[in-house]
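Coordinate-derived values only; no laboratory data. Since this is a predicted model, take the numbers as computed values, not measurements. Here the Cβ positions follow ideal geometry from the backbone for every residue, glycine too, while neighbour counts run over all protein chains shown.
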Amino acid sequence: MTELWNSLTKAVDLIVSLDPQVIEIAGRSLRISGTACLLAALICLPLGGFIHFHQFPGKRALINIVQTLFFLPTVLVGLLVFVLFCRTGPLGFFGILLTPTAMVIGQMILVIPLLLGLTISALSGVSKETVDTATSLGASGFQTIQLVLREAKYAVLAAVILGFGRAISEVGCAMLVGGNIRGFTRIVTTSITLETAKGDFELAIALGIILLSLALIISIALNRLQQR
Amino acid sequence: MKPLSSIIEVTGLNHSYGERKILQDLNLSVGKGEVFALIGPTGAGKTTLLRIINLLEVPGVGEIYFDGKCIPRSGKQRLEIRRRMSFIHQKPQVFNLSVYDNVACGLRWRGEAKSRIAEKVDHILDTVGLEGYENRNARTLSGGEAQRVALARSLVLEPEVLLLDEPTANLDPVSTDKIERLISDVARQGNTTMIMATHVMSQGQQLADRIGVLLSGRLTQTGNATDIFHSPQNEEVAHFVGMENIIEGVISESSQGIVTVNIDGKPLQAVSNYPAGKRVYACIRPEDITLLIADSYEQKAVRSSARNALQARVSRVTTIGPLSRLEVDCGFRLVALVTRLSAEELDLQAGSEVYATFKATGVHIMERESSR
């Protein structure tokens, strides 16, 4: 119990004192997961729109596969990226293993199925009449997707929040492809793992609290955005 | 009366959803600037026809011509042509945006300049009586206001062809009146072709140059309002346009444009050229029937030019607002509409003996199809 109390005061201490190392780690977490989530959204929103509005053979199966990938273990994605980008791997010549870039790629792979699947189901919530009305008013296919995404903005933003949450809270992939290199690929979750292994529970818990505080700030910001 | 230059032409249209045939062997041509009303009961295929004309759906069989050009079944050209039309759907679907953005979206999609859009949107909101509503979220509007937004959103595009699907369904009488007035204003300007689906007969009568009756997927009859309402082509159309008295009979005599129809032994005179022996329906609109009290008729206090006077007994009286609807039995059943005042003054009630009189010109004769 004392440990929990101590870590709480330590967390407040670290935050209030703007501990440079903590700020750096938290900032990196935000940057990597934010980039991964943003890139994934840029791919998934139009792609989700395309899949929703087009009929093609195997559509049902595709959606099933996408939904299955919601359950993709993070460590498995890490392994996949590791095998692809390790020096002897097919993409090894990029030389990006153990860099933030590899971490972004890993988290994107993790988030894309979630964002894609939830975008498609968000769009299904927009009535067919709305889509027809837009088409009748002369919207092109792309313009219709834009409008419908805006109509479904609550559900779409919820999907993005969920995607970001999955990215920033995962550790398996970041550890494997980033390597937890201090000052380079160390992020909040990998730090927690390390500090726990070292027995510094206080710092580990403090970092956990910082991660949750970040989540709170982001969720408030996105909520504001939704209400506009 | 086929217009010289048609803007919309539909030929040999057949369309089904799965096994269910929605439209059958449909041909239609609508001229530039014409206001065409498509009337028919719910489920007759009106919406499907409008959707096909708006290129939202590709017909199973058949061609659509727009301004003389045959429209391909897929490809970019469909968008270009669709942008010359506008379609107001039955349930007003406003987007979850401000009223201004709702009305502006069609212009934005067409790439109009911002200043032009502002000018046009302001003007059209004024026209439909929604000035000052620019920043309201359209989802918070009432049904009538939302339908006016939908109308403004379509009219602002200055479409060559405006398609309307039951524009006043689900609206209260005041809103209906407003929408009808707006539509008739556009119609009067004469540069917009309109195709309007409705099951409200009076709407078709008031607003349209020409009416088409769509029954179970077939365009059964087209013509002006008088043609459709007084000379329906067959029993189905007659029923649909509210012809309450449709009586089976056989023509027993025909000379000089006047026929005598034998209805269960009762003779009835009508204006028609069908030859004797023809199996027909005699249609009489209830408001064309005059009821005389028996004794005044016997005294010949009044003499009438009406060719038909049938002895009858009132079997039922119902009051509909200022009118009384009387069912009378004169060997066959007839429905007559008289003012409530007359019914009261003549003390008409179930059991009263009357004469039902109507002119030979008030009887519309139509052929009974041999298959029936």
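Some notes on this structure:
- Efficiency of FRET from Cβ geometry, B:THR318 and B:GLN189, R₀ 41 Å, rounded to 0.05: 0.45
- Chain A: most fluctuating residue of A:THR88, A:THR68, A:THR185 per GNM, C-alpha cutoff 10 Å: A:THR88
- Cα-projected label distance for A:ASN6 with B:ASN273, points at 7 Å along beta-carbon direction, nm: 11.2
- Helix B:99-109 and the longest principal axis of the Cα set of chain B meet at an angle near 70°.
- By the count of other C-beta atoms within 10 Å, a proxy for reagent exposure, B:ILE251, A:ILE43 are ordered fewest to most as A:ILE43, B:ILE251.
- Remark: A:LEU203, A:LEU69 ranked as A:LEU69, A:LEU203, counting other beta-carbon atoms within 10 Å and listing the fewest first.
- Spin-label zone in the range A:197-212 - amide nitrogen under 19 Å from a point set 7 Å from the Cα of A:ARG182 along the C-beta vector: A:197-208
- Förster-model FRET efficiency, 45 Å R0, A:ILE209 and B:LYS114, C-beta, rounded to 0.05: 0.40
- For peptide B:106-117, the mean count of partner chain Cβ atoms within 10 Å of a residue's Cβ comes to 2.
- Angle between chain B longest axis and helix B:114-127 axis [Cα atoms, degrees, rounded to 10]: 20
- If you run the Gaussian network model on chain A, springs between alpha carbon atoms under 10 Å, then out of A:THR133, A:THR99, A:THR35 the most flexible one is A:THR133.
- Taking the number of Cβ atoms within 10 Å of each Cβ as an exposure proxy, the fewest-first ranking of B:ARG148, B:ARG108, B:ARG307, A:ARG224 is A:ARG224, B:ARG108, B:ARG307, B:ARG148.
- Length available on full extension from A:PHE56 to A:GLU129: 0.36 nm per residue minus the Cα-Cα distance, which gives 24.1 nm.
- Options B:ALA113, B:ILE179, A:ASN64, ranked by Cα towards positive dipole end of the protein assembly as shown, top entry (Cβ charges): A:ASN64
- Partner shielding of A:137-148 amounts to 5, given as the average count of beta-carbon atoms from other chains within 10 Å of each residue beta-carbon.
- Shielding by other protein chains, B:85-97, mean Cβ within 10 Å: 4
- Size of electric dipole in the range B:1-152: Cβ of Lys, Arg +1 and of Asp, Glu -1, about Cα centre, debye, nearest 20: 380
- Stretching the chain fully between B:SER252 and B:THR11 yields a gain of 82.7 nm (0.36 nm per residue, less the alpha carbon separation).
- In this label model, A:LEU225 and A:ILE63 are separated by 2.6 nm, measuring between points 7 Å along each Cα→Cβ vector.
- Membrane-span-like helices of chain A, defined as complete DSSP H segments with a Cα extent of 20 Å or more along the helix axis and a mean Kyte hydropathy of at least 1.0, are identified as A:20-53, A:100-124, A:153-169, A:201-227.
- Calculated FRET efficiency for the pair B:ASP227/B:ASP264, C-beta based, R₀ 35 Å, to 0.05: 0.75
- Distance violations [Cα-Cα > 22 Å] among A:LYS59/A:LYS128; A:LYS128/B:LYS120; B:LYS76/B:LYS120: A:LYS128/B:LYS120; B:LYS76/B:LYS120
- Label-point separation in nm, A:PHE70 to B:ALA169, each point 7 Å along Cα→Cβ: 3.6
- For chain B, the longest principal axis of the alpha carbon atoms and the long axis of helix B:173-189 meet at an angle near 80°.
- Taking a straight line from the alpha carbon of B:LYS266, these lysines sit under 26 Å away, with near neighbours fewer than eight places off in the same chain left out: B:LYS278, B:LYS300, B:LYS359.
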